[in-house]
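**Q** The structure under discussion is supplied below as structure tokens; questions concerning it will follow.
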Amino acid sequence: MKTIRFGHFITYFFCLCVFTGQLSTESPARYLDLKKRIDQLASEKAQLLVDSKALENFWDNIFSPGSIKKKQAEIQSLIDEKYNPELGDLKLKLEKLTTTEKIQLWNPVSKRFNRDKRTLQAALNEPLGFIIIDGKPMFFKDQNDFNLWLLAKPERDATDHRVTFHSQKSKVIQSCLEGASNKAKVVKVDKYFDSCAGSYGDIVKYETYLKDNIINIDLRLQLNYGGTAENMPPTKRKFDNVQNCIRKIFARHGLKFNLSYAFSDEATIKEAHADIRVLDAAASSTSLRWGILANQGTYNTDEYLCTNLTHELLHRLGVEDRYADPKCPSRAVGQRDEVMVTANVNPWSARIRDEDIQRIIEPLCGNK
């Protein structure tokens, strides 16, 4: 009886693989076709792994624990045998496509790149970054080229385009998109943030999910003002002013950061991930205590507040400091332009290191 049921599952598995839907060929571009096919196969493989895992509840009534583990390994092997060869072959073909081929094979009918000299020239220079507009790629040679295009197209959604451009250039983001095991749902993160080799820590909560192939990070904060009454209105304005700058820092690292917040005297944030104490001035801000003033009556610049608050927000996402501290001798110290090293860094060039981005998105990516 047990053997027959397992045999039925194997038959069902191979039928599922054979009758998987075919890839749409709306775009004539080989580059996009290969990328879509790779994404499709990776998604199918991930879903089959999830489905096979779910069968454990059914197997509890049929097999012993040891047998279940063995059969899971057999199914994993079958799935790998089905998908890995084609995935490897397609990825190799994608890597071999030259820049010129990516352009020539994009849309040979309309020849739109030939009518856009700037974009054509940009696409012939490495390293490439691109965004998808109306289902078609727009290539840029570097960030400056991309920024010039954004300035010339103010009516476009600059934030989403910025995220897309930088996520295409990030190996960490692309690796996550290829292996994400939770593509169809919001992942609610609730974990202990272990810092300074376990010397101290905190509970961090946020949500992450994929939308239009962009990794979103949602953070909801309840802000409690603890300063003087006359400083409250300008403090609120100052906080509002730097939100766009903060979003751009995250966007330059391939993440769409959605911060929802409200001061407690005005509204209550439903299911807030953390309560933050906002002060007129603080000797040093922490992840739960933010100072807006430099000194009494003197406000910090928007540039400083942008990087300072980004630093503290990253703590709320489980990222630790990167500056040297004798109390934390094992800490990995970063470079001068990293926002976790110092708040005194230009926000337009502030960096977040790859391993910190990886830590933030890991709950969405799943273990590889």
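**Q** Considering only residues that are surrounded by fewer than 20 Cβ atoms within 10 Å (Cβ to Cβ) and part of a strand (DSSP E or B), which ones fall in segment 211-220?
**A** Initial filter on segment 211-220 (surrounded by fewer than 20 Cβ atoms within 10 Å (Cβ to Cβ)): 211-214, 216, 218, 220.
Answer for segment 211-220, where residues must be surrounded by fewer than 20 Cβ atoms within 10 Å (Cβ to Cβ) and part of a strand (DSSP E or B): 211, 214, 216, 218, 220.
**Q** Taking the residues in segment 38-66 that are among the polar types (S, T, N, Q) and not in a helix (DSSP H, G or I) as candidates, determine which candidate is modelled with the lowest pLDDT. Before you say what the answer is, go through the steps one by one.
**A** Filtering segment 38-66 down to residues among the polar types (S, T, N, Q) leaves 40, 43, 47, 52, 57, 61, 64.
Of the ones still in play, those that are also not in a helix (DSSP H, G or I) are 61, 64.
Details: 61: 59, 64: 68.
Step by step, filter segment 38-66, then rank; the result is 61.
**Q** Here's something else I'd like to know. Given the conditions (1) in the same structural domain as residue 215 (by TED's automatic domain parsing); (2) of a type in the set (Lys, Arg); (3) modelled with pLDDT under 70, which single one is not true for residue 111?
**A** (1)
**Q** Is there any pair with a first residue in segment 72-87 that is over 9 Å from residue 48 (Cβ atoms) and a second that is part of a helix (DSSP H, G or I) and among the polar types (S, T, N, Q) whose Cβ atoms are under 7 Å apart and which are 6 or more apart or on different chains, and what are they?
**A** 72/52
**Q** Just to verify a result, which residue in segment 288-321, among those that are part of a loop (DSSP other than H, G, I, E, B) and over 28 Å from the mean Cα position of the chain (by Cα), is modelled with the highest pLDDT? Working first, answer last.
**A** First, the residues of segment 288-321 that are part of a loop (DSSP other than H, G, I, E, B): 288, 296-297, 300-301, 317-321.
Now narrow it down to the ones that are over 28 Å from the mean Cα position of the chain (by Cα): 296-297, 300-301.
Working: 296: 56, 297: 56, 300: 78, 301: 86.
Residue satisfying both the conditions and the ranking: 301.
**Q** Right, residue 202: of a type outside the set (Val, Ile, Thr), modelled with pLDDT under 90 and either surrounded by 14 or more Cβ atoms within 10 Å (Cβ to Cβ) or more than 22 Å from residue 287 (Cα to Cα) (or both) or not?
**A** Working: of a type outside the set (Val, Ile, Thr): yes; modelled with pLDDT under 90: yes; either surrounded by 14 or more Cβ atoms within 10 Å (Cβ to Cβ) or more than 22 Å from residue 287 (Cα to Cα) (or both): yes.
It is true that residue 202 is of a type outside the set (Val, Ile, Thr), modelled with pLDDT under 90 and either surrounded by 14 or more Cβ atoms within 10 Å (Cβ to Cβ) or more than 22 Å from residue 287 (Cα to Cα) (or both).
**Q** Does segment 341-349 contain any residue that is assigned to a helix (DSSP H, G or I) and at pLDDT 90 or above? Give the steps one after another, and end with the answer.
**A** Initial filter on segment 341-349 (assigned to a helix (DSSP H, G or I)): none.
No: zero hits.
**Q** A further question follows. If I filter segment 242-252 for residues that are touching a residue at least 12 places away in the same chain (Cβ under 8 Å) and more than 23 Å from residue 211 (Cβ to Cβ), do I get at least one hit? Walk me through it before giving the result.
**A** First, the residues of segment 242-252 that are touching a residue at least 12 places away in the same chain (Cβ under 8 Å): 242-243, 245-252.
Remaining after also requiring more than 23 Å from residue 211 (Cβ to Cβ): 242.
Within segment 242-252, one or more residues are touching a residue at least 12 places away in the same chain (Cβ under 8 Å) and more than 23 Å from residue 211 (Cβ to Cβ).
**Q** Output the qualifying pairs, or none if there are none: Cβ atoms under 9 angstrom, residues six or more apart or on different chains, first residue in segment 210-236 and over 23 Å from residue 258 (Cα atoms), second residue of a type in the set (Val, Ile, Thr) and assigned to a helix (DSSP H, G or I).
**A** The qualifying pairs are 227/235.
**Q** Look at residue 333 and say whether it is part of a loop (DSSP other than H, G, I, E, B), modelled with pLDDT of 85 or more and buried (at least 17 other Cβ atoms within 10 Å of the Cβ). Lay out the reasoning, then the answer.
**A** Details: part of a loop (DSSP other than H, G, I, E, B): yes; modelled with pLDDT of 85 or more: yes; buried (at least 17 other Cβ atoms within 10 Å of the Cβ): no.
For residue 333, the condition - part of a loop (DSSP other than H, G, I, E, B), modelled with pLDDT of 85 or more and buried (at least 17 other Cβ atoms within 10 Å of the Cβ) - is not met.
**Q** Tally the residues that are outside any helix (DSSP H, G or I), among the acidic types (Asp, Glu) and either farther than 15 Å from residue 251 by Cβ or at pLDDT 80 or above (or both), restricting the search to segment 136-176.
**A** Filtering segment 136-176 down to residues outside any helix (DSSP H, G or I) leaves 136-142, 153-157, 170.
Then keep just the ones that are among the acidic types (Asp, Glu); that gives 142, 155, 157.
Pick out the ones that are also either farther than 15 Å from residue 251 by Cβ or at pLDDT 80 or above (or both) and you get 142, 155.
The total comes to 2.
**Q** With modelled with pLDDT of 65 or more, more than 30 Å from the chain's Cα centre (by Cα) and among the basic types (Lys, Arg) as the only criterion, which of 35, 69, 117 stands out? Steps first, please.
**A** Numbers: 35 fails: more than 30 Å from the chain's Cα centre (by Cα); 117 fails: modelled with pLDDT of 65 or more.
Answer to the selection: 69.
**Q** Can you tell me how many residues in segment 249-287 are in a loop (DSSP other than H, G, I, E, B) and surrounded by fewer than 20 Cβ atoms within 10 Å (Cβ to Cβ)? Walk me through how you get there before you give the answer.
**A** The initial filter retains those residues of segment 249-287 that are in a loop (DSSP other than H, G, I, E, B), namely 252-254, 264-273, 282-287.
Okay, now just the ones that are also surrounded by fewer than 20 Cβ atoms within 10 Å (Cβ to Cβ), so 264-272, 282-284, 286-287.
Within segment 249-287, residues that are in a loop (DSSP other than H, G, I, E, B) and surrounded by fewer than 20 Cβ atoms within 10 Å (Cβ to Cβ) number 14.
The values are calculated or read from the model by the stated rules, or taken from the named source; none is laboratory data. The model shown is predicted, which means the values in this text are computed figures rather than measured ones. As a convention, Cβ positions derive from the backbone with ideal geometry for all residues, glycine included, and neighbour counts pool all protein chains shown.
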